[in-house]
1. Given the structure, is Glu142 under 21 Å from Gln220 (Cβ atoms) and open to solvent by 30 Å² or more (accessible area, probe 1.4 Å)?
2. I'm told Gly7 meets every condition in (1) outside any loop (DSSP other than H, G, I, E, B); (2) touching an Asp or Glu at 6+ places or on another chain (Cβ under 8 Å); (3) open to solvent by 50 Å² or more (accessible area, probe 1.4 Å); (4) at pLDDT below 95 except one. Can you identify the failing condition by its number?
3. Any residue at all in the stretch 262-282 that is within 26 Å of Ala88 (Cα to Cα), open to solvent by 20 Å² or more (accessible area, probe 1.4 Å), touching a strand residue (DSSP E or B) at 6+ places or on another chain (Cβ under 8 Å) and at pLDDT below 95?
4. Please verify whether the stretch 106-119 includes one or more residues that are at positive phi and within 20 Å of the chain's Cα centre (by Cα).
5. Which is basic (Lys, Arg), open to solvent by less than 20 Å² (accessible area, probe 1.4 Å) and out of contact with any strand residue (DSSP E or B) (no Cβ under 6 Å at 6 or more places or on another chain), of Arg80, Arg93, Arg89?
6. How many residues, within the stretch 22-36, are in contact (Cβ under 8 Å) with a residue 60 or more places away in the chain, in a loop (DSSP other than H, G, I, E, B) and crowded, with 20+ Cβ neighbours inside 10 Å?
7. Give me a count of the residues in the stretch 402-427 that are over 14 Å from Val302 (Cβ atoms) and out of contact with any helix residue (DSSP H, G or I) (no Cβ under 7 Å at 6 or more places or on another chain).
8. When you check Leu226 against the structure, is it at pLDDT 95 or above, surrounded by 12 or more Cβ atoms within 10 Å (Cβ to Cβ) and part of a helix (DSSP H, G or I), yes or no?
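The values are calculated or read from the model by the stated rules, or taken from the named source; none is laboratory data. Here the structure is a predicted model, which is why all the values come from computation and not from measurement. Reconstructed Cβ throughout: ideal geometry from the backbone, glycine too, with neighbour counts over all protein chains shown. Each accessible area value is taken on the protein alone, full model and side chains, heavy atoms only, with ligands, DNA and RNA left out. Shrake-Rupley method; radii C 1.70, N 1.55, O 1.52, S 1.80 Å.
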Amino acid sequence: TAIEVKGFGFGGAGAGAGFGGPALSMYDCPAVYVEESDVFTHSGPLAAFRAPGHPQGAFALEQAMDELAERLHVDPLALRDKNDSHPARREERKRTAATFGWSSRTPTGQGPRLGKLGEIRRGMGLAQGCWYHLVNLESSAEVRIHRDGSVEILTGVQDIGGGVRTPLAQVVAEELQLSIDKIKVTIGDTRLPPGPGSGGSVTTASITPAAREAAYAAKQALLKELQAVLALDQQPELQGGNVVGVKGGKPIAPLPFAKACARMRRAEVLGSATRQPDYGATATGKRGNFAAQLGGVQMVEVEVNTFTGVVKVLRVVAAHDCGRPVNPLLVHSQVHGGIIQGISYALFEERRLDPKTGRILNGNFEQYKIAGALDVPKIDVILLEELRGRSSTDVSGIGEPATVPTAAAIANAVYNAIGVRIRELPITPARVLAALASQRGDAKP
């Protein structure tokens, strides 16, 4: 019926610490009220963390949805099916539940007890998230085809670990009907055509359409040159990696790409392009343009030691959409990275500040804990391919969406295991033991 969010964001000396995005975007709610305030302190300004504000917003909203489902005596999955009409998430919920085995979930607080004394409880939880199809139109690329048959794409985009070199090479290779190893990718220099920033899930969605269109322009320049050089009746075509055409009314023998390039009168031909606005193929719903919103559903199984308070994530099944996955291996890698960061955020990461000076007290990897190799669970990724016809590659970013639901899903799984909610992050052993003590009614020491 209604969602109300009142939030206070702590961004140090900077602003922008809001987290109302999930509440505003995810559910078919007729009345949503969000009131957010930045609290300024004498500590350093905030900086981006995967999907700014959304892991926090999902942590609150998705636990509230689970609480609502419990009060209504309905399955949390069914409640989301009833109140979220986003087509991608609807399909993701279905596929995730089938892969995860959601139907085997036991009632809250009555999860299977393991171990001789029954101190180990297991629980299952789910959460979903949202992010956005974002594009930087100041994204340009240039493709050069050289006389020796080599091809180079040039753009100023940076690669900070997302692997953008590979999809750039892929789209150019596809357009020119070449193998990917034939494409040289030159990036990361301000002398090159300007590319998008590497962040905000905008990189691949912004630069791959420009790369494809630059490759197309370079191909047309090559074919025009060959028409003149070979005295063809009309502009030839590329078919199966060969140049084919008609001369004197008769087809010429297919000319392999490299041999065709060797016939050029100049050292190279080139094509350039800048990212154009999306074509406008949209799907609309109650909350407006679904084509501008990405989904994501995750289910988690945890193990909680009720003696020590330690929470261990055993497995995660994550379904995500990012338009057309140009390179599925890279998308899987990004989702894995997002989930691992989400686990780290949920269970370990806690910045401690001196209240008098605002200085960080644990600014090192000895006291500021992050997830390590032994904390990484079994992760299954389900990619939902959504073809919306928005650009020449139809790509969206995936770097941030994968982190959004993880902490919330873990929190819901912990509640399913022990029957008491943890409303603070990280979910440390001390907080788990304190929650269990409160559940028992134990007096505080």
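1. Working: under 21 Å from Gln220 (Cβ atoms): yes; open to solvent by 30 Å² or more (accessible area, probe 1.4 Å): yes.
Here the answer is yes, as Glu142 does meet what is asked.
2. In the conditions (1) outside any loop (DSSP other than H, G, I, E, B); (2) touching an Asp or Glu at 6+ places or on another chain (Cβ under 8 Å); (3) open to solvent by 50 Å² or more (accessible area, probe 1.4 Å); (4) at pLDDT below 95, Gly7 misses (3) alone.
3. Residues of the stretch 262-282 within 26 Å of Ala88 (Cα to Cα): 275-282.
This time we only want the ones that are open to solvent by 20 Å² or more (accessible area, probe 1.4 Å), so: 276-282.
Imposing the further condition that a residue be touching a strand residue (DSSP E or B) at 6+ places or on another chain (Cβ under 8 Å) reduces the set to 282.
Then drop every residue that is not at pLDDT below 95, which leaves 282.
Yes, some residue in the stretch 262-282 is within 26 Å of Ala88 (Cα to Cα), open to solvent by 20 Å² or more (accessible area, probe 1.4 Å), touching a strand residue (DSSP E or B) at 6+ places or on another chain (Cβ under 8 Å) and at pLDDT below 95.
4. First, the residues of the stretch 106-119 that are at positive phi: 109, 115, 118.
Then drop every residue that is not within 20 Å of the chain's Cα centre (by Cα), which leaves none.
No, the stretch 106-119 contains no residue that is at positive phi and within 20 Å of the chain's Cα centre (by Cα).
5. Arg80
6. Restricting attention to the stretch 22-36, the residues satisfying the condition of being in contact (Cβ under 8 Å) with a residue 60 or more places away in the chain are 22, 25-26, 28.
Of the ones still in play, those that are also in a loop (DSSP other than H, G, I, E, B) are 26, 28.
Now narrow it down to the ones that are crowded, with 20+ Cβ neighbours inside 10 Å: 26.
Counting residues in the stretch 22-36 that are in contact (Cβ under 8 Å) with a residue 60 or more places away in the chain, in a loop (DSSP other than H, G, I, E, B) and crowded, with 20+ Cβ neighbours inside 10 Å gives 1.
7. 1
8. Details: at pLDDT 95 or above: yes; surrounded by 12 or more Cβ atoms within 10 Å (Cβ to Cβ): yes; part of a helix (DSSP H, G or I): yes.
Yes: the conditions hold for Leu226.
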